[in-house]
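Let me begin by presenting the structure, written as structure tokens, before commenting on it.
The values are calculated or read from the model by the stated rules, or taken from the named source; none is laboratory data. Quick caveat: nothing in here was measured; it's all calculated off a predicted structure. Neighbour counts are summed over all protein chains in view; Cβ atoms, including those assigned to glycine, are modelled from backbone coordinates with ideal geometry.
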Amino acid sequence: MDSSPEPSLIVFCWGNQSRGDDGIGPAVAARLRALGRGELRLIEDHQLNIEHVMDFHGMTPLLFVDASVAIDAGCRLERLAPSEEGNFSTHAISPGALLNVYGQSTGEPAPPAYLLHVAGRDFELGAGLGDTARTALDEAFGILRRVLVDDPSDWPARLERAARGDGPA
């Protein structure tokens, strides 16, 4: 667990940089880290694990970022709800299932959570980011820059508006 001051947003970025477009999560993490926003807590890992519930901080909003084959191009931000469905094992878990585990283990409601799908197509071992992923990464980071401007107390509302398609500003 991180001992820095209370964050305004916790961002989980996961993926494997040695598997082409699966490196989108780590690429987003690197760009966010470069912003130097202390109110932003970044959690970067190879995959989401059940232990990541320990990284939740009260009702601080959560943003999950990953490569996605669920969209053809670009990116899509959606609001998440706890879910009993999705992948769940001792080694990996979906964001919705992670929210569900949090609620079950704490007896508290899960914090507001969002998933930023970033289009990926090429997951070959040893490949770099493909054209679709590079374009989608730029689009996703543009959205994140608009959300993470000004006062961090505005970030949750900006995220919610972006997830609804109203724009983050």
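If you scan segment 122-165, which residues turn out to be more than 22 Å from P61 (Cα to Cα) and in contact with an Asp or Glu (Cβ under 7 Å, 6 or more places away or on another chain)? Don't jump to the end; show me each part of the working.
Kept after step one, since they are more than 22 Å from P61 (Cα to Cα), are these residues of segment 122-165: 122-136, 138.
D122, F123, L129, G130, A133, listed by residue number.
So is V69 touching a Lys or Arg at 6+ places or on another chain (Cβ under 9 Å) and over 18 Å from I143 (Cβ atoms) or not? So that I can check it myself, show each step before the final result.
Values: touching a Lys or Arg at 6+ places or on another chain (Cβ under 9 Å): yes; over 18 Å from I143 (Cβ atoms): yes.
Judged against the criteria, V69 is a match.
Could you please let me know if G107 is among the small types (G, A, S), surrounded by 12 or more Cβ atoms within 10 Å (Cβ to Cβ) and either more than 13 Å from the chain's Cα centre (by Cα) or modelled with pLDDT of 95 or more (or both)?
Working: among the small types (G, A, S): yes; surrounded by 12 or more Cβ atoms within 10 Å (Cβ to Cβ): no; either more than 13 Å from the chain's Cα centre (by Cα) or modelled with pLDDT of 95 or more (or both): yes.
Considered against the rule, which asks whether it is among the small types (G, A, S), surrounded by 12 or more Cβ atoms within 10 Å (Cβ to Cβ) and either more than 13 Å from the chain's Cα centre (by Cα) or modelled with pLDDT of 95 or more (or both), G107 comes out as no.
When only residues in segment 29-66 that are over 18 Å from A97 (Cα atoms) and touching a residue at least 60 places away in the same chain (Cβ under 8 Å) count, which is surrounded by the fewest Cβ atoms within 10 Å (Cβ to Cβ)?
Step by step, filter segment 29-66, then rank; the result is L35.
Given the condition of a type outside the set (D, E) and free of Cβ contacts under 8 Å to residues at least 60 places away in the same chain, answer yes or no: does some residue in segment 120-133 qualify?
First pass over segment 120-133, keeping only residues of a type outside the set (D, E): 120-121, 123, 125-130, 132-133.
Next, only the ones that are free of Cβ contacts under 8 Å to residues at least 60 places away in the same chain stay: none.
Within segment 120-133 (the criterion being of a type outside the set (D, E) and free of Cβ contacts under 8 Å to residues at least 60 places away in the same chain), the answer is no, since none of the residues qualifies.
Please find, within segment 146-163, the residue that is surrounded by the fewest Cβ atoms within 10 Å (Cβ to Cβ) out of those that are without any contact (Cβ under 8 Å) to a residue 60 or more places away in the chain and in a helix (DSSP H, G or I).
A157
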